Structure formats: structure tokens, C-alpha cells
Amino acid sequence: MSSVSSTVAELLDLNRKLLESIVRSDWGVYSGLCDPTLSAFEPEARGHLVEGMDFHRFYFELEKSHGPVNVTMTRPHVRILGDTAILSYVRLTQRLGENGQPVTAWCEETRVWHRQNGAWRHVHFHRSTNA
């Protein structure tokens, strides 16, 4: 495997871990993968740039009883620019709806990772929903 291929595989694995930590509300894993100065544009921020981790931590601390959840990145595209990488994909989230039937939601995501002291850290994302 080439150096670029192994880096792409590493980034995809880290991003999968990040997404799984979100659906499991695992703050320890999520915060360990993110830079403390994480910035984001996401629907919950209503068009505002969010900086830092406090905004995200609020959602991790909410009581969740949603049953099983599966998350999938479809057609991920990885662009490596030196010590920075940009991942773009559509995220599919499967869960049980209120009637007990499976429901799949989707959103478009772009996530930026930066290599810091030899390790990749998540530093910015932009998420758009299908709503």
C-alpha cells in the first residue's frame, strides 16, 4: 500500500470513529479526535460559525434512548494537502422511527483534518441536512 493510500485509509478510519462516537454520544472519543478550537457550520447553529467544543458537548450530554443506530459514509472523497486533509461524503444514519420502522436520514458533510504533532485532529466541519 502506498503512503497516500495508507494515509487515506487512516483518515477514513478516524472519521468512522468520529461518526460512531457521535451516534453513541461518546464524548471521550469525540473530544479526543477533535482539536479544542474545532469550528463548524451546522444546522443546529442556525447559520452561525460555532467555535470550540462547548456547543457540541451540549448535544452529547442530552439523554438519548433511540435504540440501535448505524452510520455510513457514502462515496467518501479524500483530498490531502500536506498536513491537512479534506473529507467530503454523504452520511447516512439508520435508526428506528417512532413507529418502530427503520428510517434513514442523510446529510452532506465536509470535514477537515490537520496533522498535529504526528496525529490527525479534526479541526473544522460543514454539515448540511436534507430538511
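The numbers here are math on the coordinates, done by the rules we state, and not lab data. Not measured: the values here are computed from a predicted model. Positions of Cβ are backbone-derived with ideal geometry, glycine not excepted, and every protein chain shown enters the neighbour counts.
Principal-axis analysis of the Cα atoms of the chain puts helix 3-23 at an angle of about 30° to the longest axis. Along the axis of the charge dipole computed for the chain (Cβ charges of +1 for Lys and Arg, -1 for Asp and Glu, origin at the Cα centre), the listed residues Phe41, Asn99, Ala85 are led at the positive end by Ala85. Cβ crowding within 10 Å ranks Glu98, Glu10 as Glu98, Glu10, fewest other Cβ atoms first. Counting neighbouring Cβ atoms within 10 Å and putting the fewest first, the residues Leu19, Leu96 line up as Leu96, Leu19.
The spacing between the range 1-65 and the range 78-131, judged by their C-alpha centroids, is 8 Å. Its Cα centre serving as origin, the chain has a Cβ charge dipole (Lys and Arg +1, Asp and Glu -1) of approximately 300 debye.
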